[in-house]
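Step one of this worksheet: look at the structure below.
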Amino acid sequence: MLLLSASGCVKEITSDERLERDTRSVAVKDAPGVTELSKLTCDDTTQPLNKARDVNRPESDRLVDYVNLYSSLKDRTHTFEDAMARNPDLSYREGSQNLVNAKDTCIQQTADVRVEFETYLRELVDVPTVQEIKGGNTVTVARLDFATLKKAIETLDPDDREQLLQRVGAAEKRVSTTAAPAEDTSSGGKRRGK
C-alpha cells in the first residue's frame with residue numbers, strides 16, 4: 001500500500017498582518033471622533049422616563065415616550081460601540097476613561113429602560129381592550145391605538161415578537177366596529193379591563 005501525502009506551504013501571518021486583514025474593511029475616518037463622542041451622553045433620561053411613567057397621561061402617549069427614549073438610547077449606545085470598534089484607540093488612549101464611562105452608562109441605561117418598557121408593553125398586550133358603558137350598553141373598546149402598540153413591539157423586538165403581534169391582531173378583531181376610537185383610560189368614563 002502506498003500512501004501519498006502532500007503538504008502545502010502554509011505561510012504564518014503575524015498578529016499585525018491579521019489585525020490589518022480583519023480591520024481593513026472598517027473605515028476609521030467615518031467613525032465619530034473624540035470630540036463628537038464627548039458630546040454624547042445617556043445621563044439625560046430622568047425627565048423623559050418620568051414622562052413615560054406618568055399614569056395620568058394617555059397610554060398611547062406614554063408608550064410613544066418609551067419607544068422614543070429606548071430608540072434614542074439604543075442609537076447612542078450603537079454610536080459609541082461602532083466608533084470604538086472602528087477605532088479601538090478611543091478606548092485606550094490617555095484621557096479616554098470619560099468616553100468608556102459614557103459608553104457604559106449608555107449600555108446600562110438602555111438595558112434599564114428596556115426592562116421597564118417591556119414590562120409596560122406586556123401589560124398592555126395582556127389587556128389590550130376594556131369594557132366601556134355607552135348609552136347603557138357595554139362595548140369593547142381598544143385600550144390604546146393598536147398601531148402604536150404594534151410599533152412598540154417592533155421597536156422592542158423581543159424573542160416572542162410574532163406572538164405578541166398575533167395577540168394584538170386578535171384584540172383588534174374583538175373590538176366592535178361601532179366602538180369609538182381608543183381614549184385615555186384616566187378619563188372619567190366607567191371602564192373594566194378585559
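How fast does segment 31-178 diffuse by Stokes-Einstein, in µm²/s, taking the Kirkwood radius from C-alpha pairs at 10 °C and 1.306 mPa s? For these conditions, the coefficient is 91 µm²/s.
Between Thr140 and Asp160, the contour length at 0.36 nm per residue exceeds the alpha carbon distance by 4.6 nm. Extension gain for Asn50 to Thr35 (0.36 nm times residue separation, less C-alpha to C-alpha distance): 2.4 nm.
Summarising the label geometry, the points placed 7 Å from Cα in the beta-carbon direction at Glu123 and Asn68 lie 2.0 nm from one another.
Put a plus charge on the Cβ of each Lys and Arg, a minus charge on the Cβ of each Asp and Glu, and nothing anywhere else: the dipole of segment 31-178 about its Cα centre is then about 460 debye. I'd like to know which of Leu90, Gln131, Ile107 lies farthest towards the positive end of the charge dipole of segment 31-157, counting +1 on Cβ of Lys and Arg and -1 on Cβ of Asp and Glu. Towards the positive end, the residue furthest out is Gln131. When only alpha carbons of segment 60-103 are considered, Rg and Dmax amount to 14.1, 46 Å.
Every number here is computed from the coordinates shown, using simple stated rules; none is lab data. No experiment lies behind these values; they were computed from the predicted model shown. Neighbour counts run over all protein chains shown; Cβ positions are idealised from the backbone, glycine included.
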